[in-house]
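S.K.: Provided herewith is a single structure, encoded as structure tokens, for subsequent inquiry.
Nothing in this text is a laboratory measurement; each read-out follows from the coordinates by a stated rule. If you're wondering where the values come from, they're calculated on a predicted model, not measured in any experiment. With ideal geometry, Cβ positions are generated from the backbone for all residues, glycine too; neighbour counts draw on all protein chains shown.
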Amino acid sequence: LDMEHKLRRAIEQAEFRLYYQPKVCLQTGTIIGMEALIRWQSPELGLVAPFHFIPLLEETGLILEVGNWVLQQAILDLQEWKRQGLVPPRVAINLSALQLRQQHFVQHIEQMLQESPEAALLDFELTESVVIADVADSQRKLGALRALGLPIAIDDFGTGYSSLSYIARLPLDTLKIDRSFVVKMTENHADRMIVSTIITMAHNMNLNVVAEGVDSTEQLALLRELKCNQMQGYLFSKPVPAQDICSLLQQGT
Ligand code: G
Ligand code: G
Ligand code: NA
Ligand code: MN
């Protein structure tokens, strides 16, 4: 079976799983959000990371179907956490270009909000390339999503080739500093300057700023010094299945 057939079968057989990685406030140490990260539990290949299948889902358009599953599953998980008496924080959903470009994407989200109040706890992460591909369309749709109360983050910030003038004009809430800068920040002056500059710029633009891929206490200390707002990374937790989030959320309350 070629990869596309395997992925079509994975959809039919419900082989996708949603993992969650907490985002932590650097001032209080509490969990203030989680990123939903898809995995493929393949009978032949084991647990497959998105890097190996998202590009093909995007090329084939199957990402629309899988993206809808991600949205529905996140809502089901939020409902289950609430049923257990937990107070879940916001769940960030990664959006591919094809998803945002759908004509009725905003209406689809509006409908989800009407059907399940938990949808109000979603927010969205988009890469620079996704929003820059059609600035007018992004401006309209991101504005509409924010008007519905759903925050927007730019993911992997600093790695794209986008014009800052576009980024500055988009309706946004958060910049996520790409892991590649954070990882080298404590050893490399240039990377430290990039991280520091992104944090300052975010604050000047009234945006929240999250450091991705934080995996050492040295990085954490430096990010605190630089007044970064939040961190996400293995230092606090790797991405875990929905049921494993419960103990993390209980510790946090
Ligand atoms: O979990 P991991 O670090 O391997 O994820 C790598 C990347 O895969 C993420 O940064 C994100 O861009 C992408 N990704 C993860 N989950 C999803 C998803 O549900 N939808 C889309 N479109 N991309 C995702
Ligand atoms: O959406 P995005 O591609 O930025 O997803 C973040 C990816 O980075 C996820 O696939 C996640 O598994 C991974 N990740 C998160 N924290 C860390 C970390 O501290 N170290 C490393 N190496 N990877 C991380
Ligand atoms: Na992301
Ligand atoms: Mn990212």
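S.K.: Roughly how many nanometres apart are two label points built 7 Å out from the Cα toward the Cβ at C25 and T186?
M.R.: 2.5
S.K.: Another question, if that's okay. Can you list the residues, at least 5 places off or on another chain, whose amide H is less than 5 Å from the amide H of N229, using H built in the peptide plane?
M.R.: HN-HN under 5 Å from N229: V209.
S.K.: Under Stokes-Einstein, with the Kirkwood radius over Cα pairs standing in for Rh, what whole-number D in µm²/s applies to the stretch 1-139 at 37 °C and 0.692 mPa s?
M.R.: D, rounded to a whole number, is 202 µm²/s.
S.K.: Please express the Cα-Cα pair-distance distribution P(r) of the chain as a list of whole percents, one per 5 Å bin, running from 0 to the bin with the greatest distance.
M.R.: With a bin width of 5 Å, the distribution comes to 1, 6, 13, 17, 18, 18, 15, 8, 3, 1, 0.
S.K.: Next question, about the same structure. Which distance in Å, rounded to a whole number, links the C-alpha centroids of the stretch 1-20 and the stretch 200-238?
M.R.: When both Cα centres are located, 34 Å separates them.
S.K.: Once amide H atoms are built 1.01 Å from N in the peptide plane, which residues 5 or more positions from E35, or in another chain, come under 5 Å H to H?
M.R.: Q21, K23, A92
S.K.: Just to be sure I understand the model, the point goes 7 Å from the Cα along the line to the Cβ. What's the resulting H5 to L56 distance in nm?
M.R.: Each label point lies 7 Å from its Cα, and together they span 1.2 nm.
S.K.: Give, in nm to one decimal, the length gained when the segment between R146 and A14 is fully stretched (0.36 nm per residue of separation minus the Cα-Cα distance).
M.R.: Working it through step by step, the gained length comes to 44.4 nm.
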